[in-house]
There are 4 protein chains.
Amino acid sequence: MNIKKILITKQGRKFYAKDLSQDLHTQYGFIKKEDLKKAKEGDLLKSNTNREFYIFNPQFIDLYRKIKRDAQIIPLKDIGFIIAETGINKSSKVLDAGSGSGALACFLAATAKEVITYEIREDFIEIVKSNIEFLGLKNVKIKNIDIYQKIDDKNIDVVILDLPEPWKAIENCSKALKAGGFLVSYSPSIPQIADFVNAIRKNEDFVYLKTLEVTEREWEVEDRKVRPKSKGLGHSGFLSFARKVK
Amino acid sequence: MNIKKILITKQGRKFYAKDLSQDLHTQYGFIKKEDLKKAKEGDLLKSNTNREFYIFNPQFIDLYRKIKRDAQIIPLKDIGFIIAETGINKSSKVLDAGSGSGALACFLAATAKEVITYEIREDFIEIVKSNIEFLGLKNVKIKNIDIYQKIDDKNIDVVILDLPEPWKAIENCSKALKAGGFLVSYSPSIPQIADFVNAIRKNEDFVYLKTLEVTEREWEVEDRKVRPKSKGLGHSGFLSFARKVK
Amino acid sequence: MNIKKILITKQGRKFYAKDLSQDLHTQYGFIKKEDLKKAKEGDLLKSNTNREFYIFNPQFIDLYRKIKRDAQIIPLKDIGFIIAETGINKSSKVLDAGSGSGALACFLAATAKEVITYEIREDFIEIVKSNIEFLGLKNVKIKNIDIYQKIDDKNIDVVILDLPEPWKAIENCSKALKAGGFLVSYSPSIPQIADFVNAIRKNEDFVYLKTLEVTEREWEVEDRKVRPKSKGLGHSGFLSFARKVK
Amino acid sequence: MNIKKILITKQGRKFYAKDLSQDLHTQYGFIKKEDLKKAKEGDLLKSNTNREFYIFNPQFIDLYRKIKRDAQIIPLKDIGFIIAETGINKSSKVLDAGSGSGALACFLAATAKEVITYEIREDFIEIVKSNIEFLGLKNVKIKNIDIYQKIDDKNIDVVILDLPEPWKAIENCSKALKAGGFLVSYSPSIPQIADFVNAIRKNEDFVYLKTLEVTEREWEVEDRKVRPKSKGLGHSGFLSFARKVK
């Protein structure tokens with residue numbers, strides 16, 4: 001069942017109302033179904049313990065943040081960077097592999113014209129389907145195909161790989177991409193990146209562009225306490241970019 | 001005159017052909033107009049000095065990278081992060097101020113349904129217009145209005161500020177945003193960020209979400225030379241995010 | 001009682017033997033006192049559960065890592081940077097305030113000729129004394145003096161401040177430092193740094209040098225898993241450097 | 001000829017007077033030899049164009065920053081980190097290879113009891129000698145020996161490698177180090193680090209501790225302009241630490 005309303009406290013704590021015919025229980029007391037039903041966007045509701053909540057309709061990003069994540073997913077900072085660097089837009093045709101939980105495919109579906117996502121594990125495909133349905137997306141095609149073996153799509157603008165051995169997919173990606181299209185590979189470890197980049201450099205169909213790491217560092221900002229947060233940066237993965245030219 | 005074709009060398013050096021009825025001169029010799037005209041995407045052309053170039057049609061990002069930049073523009077890494085964090089998508093209505101050269105508005109126009117951009121300087125407005133035309137965008141509205149004074153738009157999903165004193169626009173942004181909409185501020189310096197965040201915290205209409213810096217660190221990857229590039233990270237700005245709730 | 005021996009497993013887990021006339025109990029079983037007593041440096045000992053431990057005499061850094069830390073202490077990365085940037089060496093006379101647990105003073109005492117440490121809280125002074133004794137240091141002088149009020153030392157090479165309001169100590173530091181000496185301030189938050197630097201810039205006795213953050217990012221390196229650790233960078237503080245010239 | 005005096009402008013520009021019997025020429029005019037000779041530390045001198053300079057005696061770090069650098073040298077941030085992490089101090093016996101210009105050996109000589117530096121290239125050895133003399137150091141021994149072939153020193157506290165193939169020196173380092181001593185390797189590239197760490201992990205004499213990168217990020221701090229400098233981080237190298245246990 002889908003999320004109908006978002007409730008948020010002044011401190012930024014979010015709650016998700018899926019069924020407006022039932023009271024919404026939170027750690028700060030419950031909000032009555034009558035209040036939920038008649039509330040308009042931006043209204044202030046109160047729980048039985050008098051705690052205040054603002055209510056509004058979920059935006060795409062609210063729903064996206066609630067998708068199922070059985071596999072490790074690529075973080076938003078990296079998705080954003082890929083969109084910006086390759087210019088994925090409303091007329092783009094994008095392909096990704098492997099789907100995992102489908103997070104990347106689902107995010108890109110909200111931005112691009114069409115998304116095709118390749119995955120070999122059937123359990124993951126079930127999660128992707130459920131996430132697509134949850135988000136109400138109409139432009140994602142799932143293919144239960146091993147991208148190391150073949151790609152049966154053509155004329156793709158951007159292919160994004162999140163695979164253990166991305167260099168094994170380069171030949172197939174070349175056939176799928178249009179001239180001028182981008183091939184992006186996302187990997188957590190340096191040896192994967194190095195093997196991918198060295199294979200791309202040797203491949204006549206591609207021009208290698210660059211490899212980089214995107215980091216997001218959060219700051220505390222409150223009166224005179226203005227400083228990087230102590231919890232730290234972490235690491236997700238490195239991104240490599242190449243361009244199909246032939 | 002618009003860019004018709006991109007030519008790229010195997011080393012990634014790009015050249016832009018605007019007029020296919022003329023030879024294209026590069027530092028590696030010139031390519032004959034006859035070759036330019038009959039070339040299909042992915043063809044390999046040769047200059048008079050026998051240098052090789054692949055040719056393809058420009059994608060959106062190729063054109064975007066060639067827009068006029070008279071004001072300092074927000075880098076792609078930050079644009080991507082804003083898109084990812086707020087979930088800007090094909091049905092989003094977005095507003096930004098000040099336009100500057102219009103880079104942010106133009107990039108977002110390729111992703112969002114509608115973009116409105118506020119700018120007080122008429123010389124900048126001329127640049128924005130020229131960039132919109134260059135990119136062939138149909139969904140950007142430019143307003144010569146001081147956002148500190150007023151916003152005459154409503155029901156906006158995301159407002160993005162790139163202003164010297166963003167806290168002066170908070171009240172007006174509140175009126176323009178829908179409940180659940182995002183307010184983003186981009187500033188190079190910490191005191192600006194601190195003043196903006198402290199003002200947001202005091203404003204009942206908003207829930208403050210977070211402040212962060214996005215960094216992009218490039219790596220060299222060639223055989224056993226696998227290391228961060230020595231040229232360094234640089235700094236563009238910090239991003240603060242808040243959510244309109246009332 | 002002092003640490004007499006270090007025992008370390010092949011996995012890098014360390015244990016500290018203080019009393020060689022007693023068995024050493026660890027989570028991996030216990031080592032017999034007879035074995036502890038007769039062991040020479042580099043010997044391999046076994047616990048009653050047959051777990052292996054190497055044994056050696058503690059170095060300065062082993063003891064330093066075990067000092068009492070009732071106040072937040074400045075991390076080693078920042079101590080190292082201060083030593084390197086100001087060139088603290090065997091003939092240096094160094095002063096720091098406030099002492100806190102005395103970590104900085106104790107580390108510098110192992111490097112410099114003489115260290116004087118100012119602290120107003122008597123409970124902290126007790127900890128500093130205990131740490132000095134634990135490390136067997138002979139060249140640290142503790143003064144129960146408020147550095148905002150006075151410094152009664154002269155001819156200092158480097159003064160290091162770890163204070164909530166370091167700008168209040170600038171005048172006194174000027175009197176204590178020799179011409180050419182360094183003033184260093186360590187603060188977690190940007191507004192403290194900004195107030196300190198702006199005060200230094202106005203002070204005729206000093207030339208402002210620079211402000212920076214030192215970060216230490218750990219990597220996993222094991223076969224093909226070569227990547228930044230996911231736990232992240234964290235934040236300790238910023239360092240500002242100035243030079244006494246008059 | 002050695003540096004006798006440092007002159008510094010209020011803006012932090014430094015000049016070095018080597019010969020007090022001659023006028024000192026700078027881009028801001030010249031300072032008369034009579035003024036140089038009679039000046040006391042902290043005095044304010046004026047050039048013939050009325051520009052002001054403070055004068056003081058050079059500290060160790062002033063001289064260190066002027067040593068000859070024919071080979072790429074390890075930056076101060078990394079030297080500081082090594083000192084802090086391994087606790088190099090006045091009673092330490094330290095060995096490094098290869099010397100290069102001798103920068104590391106010279107810095108450590110000011111901190112440690114004794115430094116031994118191995119170098120195979122005779123042209124580098126001449127530079128090291130000249131730097132040792134320039135700094136007036138008495139406790140550095142230079143050996144024209146290939147560390148991959150042998151080390152004829154014993155009982156070393158810390159060995160630091162700055163070599164193209166550091167894994168080839170591990171066996172010899174083991175013989176040179178005392179039980180509990182540290183082995184540090186500094187390399188710019190990840191494959192070097194990975195090969196070194198994997199070799200250390202297989203070596204029974206060592207416990208592997210950690211690998212990390214130290215970065216120094218400078219900030220601009222002037223009134224409301226408080227932000228990371230735009231020039232960027234750069235990259236020097238990664239540091240790996242192991243401990244001799246057997």
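The values are calculated or read from the model by the stated rules, or taken from the named source; none is laboratory data. Everything quoted here is computed from the prediction, not taken from an experiment. Backbone-built Cβ (ideal geometry, glycine too); neighbour counts: all protein chains shown. Note: areas computed on protein heavy atoms with side chains; ligands, DNA, RNA excluded. Shrake-Rupley method; radii C 1.70, N 1.55, O 1.52, S 1.80 Å.
Couple of notes before you dig in:
- Once C-alpha pairs closer than 8 Å and six or more residues apart are averaged by separation and normalised to the residue number of chain C, the relative contact order reads 13 percent.
- For B:F206, the residues whose modelled amide H falls within less than 5 Å of its own, excluding neighbours fewer than 5 places apart on the same chain, are B:V245.
- In the elastic network of chain C, a GNM with C-alpha springs shorter than 10 Å, the most mobile of C:E41, C:E222, C:E213 is C:E222.
- Segment D:79-158 and segment A:44-105 have Cα centres spaced 54 Å apart.
- Using a 7 Å Cα-to-Cβ projection, D:K175 label spacings across copies, nm, ascending: 5.9, 6.0, 8.4
- Taking only protein heavy atoms and a 1.4 Å probe, the accessible area of chain C is 45% carbon and sulfur.
- For segment A:132-226, the gyration tensor built on C-alpha atoms gives an oblate shape. Its axis ratio a/c (a ≥ b ≥ c) is at least 1.5, and a/b is not larger than b/c.
- Chain D packed on chain B takes about 1800 Å² of accessible surface away from a 1.4 Å probe, both sides summed.
- Annotation: amide H of D:K5 within the under-5 Å range of D:A17, sequence separation 5 or more or interchain, hydrogens built in the peptide plane.
- Inter-copy spacing of C:R201 label points, which lie 7 Å from Cα along Cα→Cβ, given in nm from shortest upward: 2.5, 4.5, 4.9
- Kirkwood-type radius of segment D:1-127, with distances r between different C-alpha atoms, in Å: 16.7 Å
- Of all DSSP bridge pairs formed entirely within chain C, close to 60 percent run antiparallel.
- DSSP-defined beta bridges in the protein assembly as shown - what % are antiparallel, rounded to 5: 65 percent
- Mean Cα-pair separation over length for segment B:114-157, i.e. relative contact order, pairs under 8 Å, 6 or more apart, %: 51 percent
- Threshold 40 Å², segment D:32-49 residues less accessible with all protein chains present than alone (1.4 Å probe): D:G42
- In the elastic network of chain B, a GNM with C-alpha springs shorter than 10 Å, the most mobile of B:P228, B:P58, B:P164 is B:P228.
- Low-density loop positions, trypsin sites (Lys or Arg not before Pro), segment D:1-106 - DSSP coil, at most 10 other Cβ in 10 Å: D:K40
- Other-copy label distances relative to A:N48, 7 angstrom Cα-Cβ extension, nm: 5.7, 8.7, 9.2
- Given A:K150/B:K138; B:K14/D:K68; B:K231/C:K113; A:K14/B:K77, the pairs whose alpha carbons are separated by over 30 Å: A:K150/B:K138; B:K14/D:K68; B:K231/C:K113
- The protein assembly as shown: equivalent-ellipsoid semi-axes (sqrt of 5 x gyration tensor eigenvalues, Cα, Å): 51, 34, 34
- A loss of 40 Å² or more of accessible area (1.4 Å probe, protein heavy atoms, ligands and nucleic acids excluded) relative to the isolated chain is seen in these residues of segment D:168-196: D:A179, D:S189, D:I190, D:P191.
- For the rotational copy pair C/D, the chain C residue whose Cβ lies nearest the symmetry axis, together with its distance in Å, is C:G80, 2.
- DSSP beta bridges in segment C:124-246 [antiparallel fraction, %, rounded to 5]: 75 percent
- Remark: segment B:155-245 carries 31 Å² of accessible area per residue (probe radius 1.4 Å; ligands, DNA and RNA excluded).
- Alpha-carbon spread of chain A, three principal axes, descending order, Å: 67, 45, 30
- Value at 222 nm in deg cm²/dmol, rounded to 500, when DSSP H runs of n ≥ 4 in chain C each add -39,500 (n - 2.57): -7500 deg cm²/dmol
- Rolling a 1.4 Å probe over the heavy atoms of the protein chains gives segment C:76-124 an accessible area of 22 Å² per residue.
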